[in-house]
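Each remark here refers to the structure printed beneath this line.
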Amino acid sequence: MLYSEKVMDHFQNPRNVGKMDDADGVGEVGNAKCGDIMRMYIKVDKDSQTISDVKFNTFGCGSAIATSSMATEMIKGKPVKDALTLSNRAVVEALDGLPTHKLHCSVLAEQAVKAAVKDYYDKNGIAYGDELNVCDHDCEHCTGE
Ligand code: FES
């Protein structure tokens with residue numbers, strides 16, 4: 001089968017879909033390869049600096065939906081700084097893989113999470129390093145193509 005059961009499950013029943021009106025950080029990114037876009041919202045518990053809630057909206061393909069859904073589950077309830085180390089590879093592994101020509105879709109989820117954290121840091125005057133400079137290139141190490 002082309003797609004794993006987990007991919008199909010997250011595609012058909014995506015978790016944390018929607019908008020968030022009182023988000024602490026919003027990230028919107030586009031995929032250079034296909035032109036699809038993704039918006040990610042995070043709510044941060046200021047005392048513990050953890051992500052208390054997360055929502056996403058995408059005009060992307062099924063793989064983008066599945067990877068974003070999995071990514072939101074992986075960062076929800078976790079420290080904000082942990083969300084920065086979430087890689088598209090880790091999300092793909094958690095979904096038991098994606099076909100190679102769909103790996104670029106998973107980059108959208110990773111970058112939207114980072115963009116949302118960057119927005120939160122910017123709004124709150126929190127300093128950050130190069131790890132938050134969201135890349136919109138199509139480098140092989142991310143896309144696997
Ligand atoms: Fe555009 Fe998958 S084809 S995100």
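The values are calculated or read from the model by the stated rules, or taken from the named source; none is laboratory data. This is a predicted model, so every value here is computed, not measured. Neighbour counts are summed over all protein chains in view; Cβ atoms, including those assigned to glycine, are modelled from backbone coordinates with ideal geometry. Just the protein is used for accessible areas: all its heavy atoms, side chains included, with ligands, DNA and RNA removed. Shrake-Rupley method; radii C 1.70, N 1.55, O 1.52, S 1.80 Å.
Things to note:
- Condition met for Leu108 (within 13 Å of the ligand (Cβ to nearest atom), open to solvent by less than 40 Å² (accessible area, probe 1.4 Å), in a helix (DSSP H, G or I) and in contact (Cβ under 8 Å) with a residue 24 or more places away in the chain): yes
- In region 1-12, residue farthest from Ala83 (Cα to Cα) [restricted to those that are open to solvent by 80 Å² or more (accessible area, probe 1.4 Å) and in contact (Cβ under 8 Å) with a residue 12 or more places away in the chain]: Leu2
- Only residues that are under 17 Å from Lys114 (Cβ atoms), touching a helix residue (DSSP H, G or I) at 6+ places or on another chain (Cβ under 7 Å) and open to solvent by 60 Å² or more (accessible area, probe 1.4 Å) were counted in region 14-38, giving 1.
- Whichever residue in region 25-44 is of a type in the set (Lys, Arg) and in contact (Cβ under 8 Å) with a residue 24 or more places away in the chain and, among such residues, is farthest from the ligand (Cβ to nearest atom): Arg39
- Test for Val80: is it surrounded by 20 or more Cβ atoms within 10 Å (Cβ to Cβ) and not charged (D, E, K, R): yes
- In region 58-78, of all residues being of a type in the set (Val, Ile, Thr) and more than 16 Å from Lys19 (Cβ to Cβ), the one that is farthest from the ligand (Cβ to nearest atom) corresponds to Ile75.
- Residue in region 45-57 that is more than 15 Å from Val7 (Cα to Cα), within 16 Å of the ligand (Cβ to nearest atom) and open to solvent by 30 Å² or more (accessible area, probe 1.4 Å) present: yes
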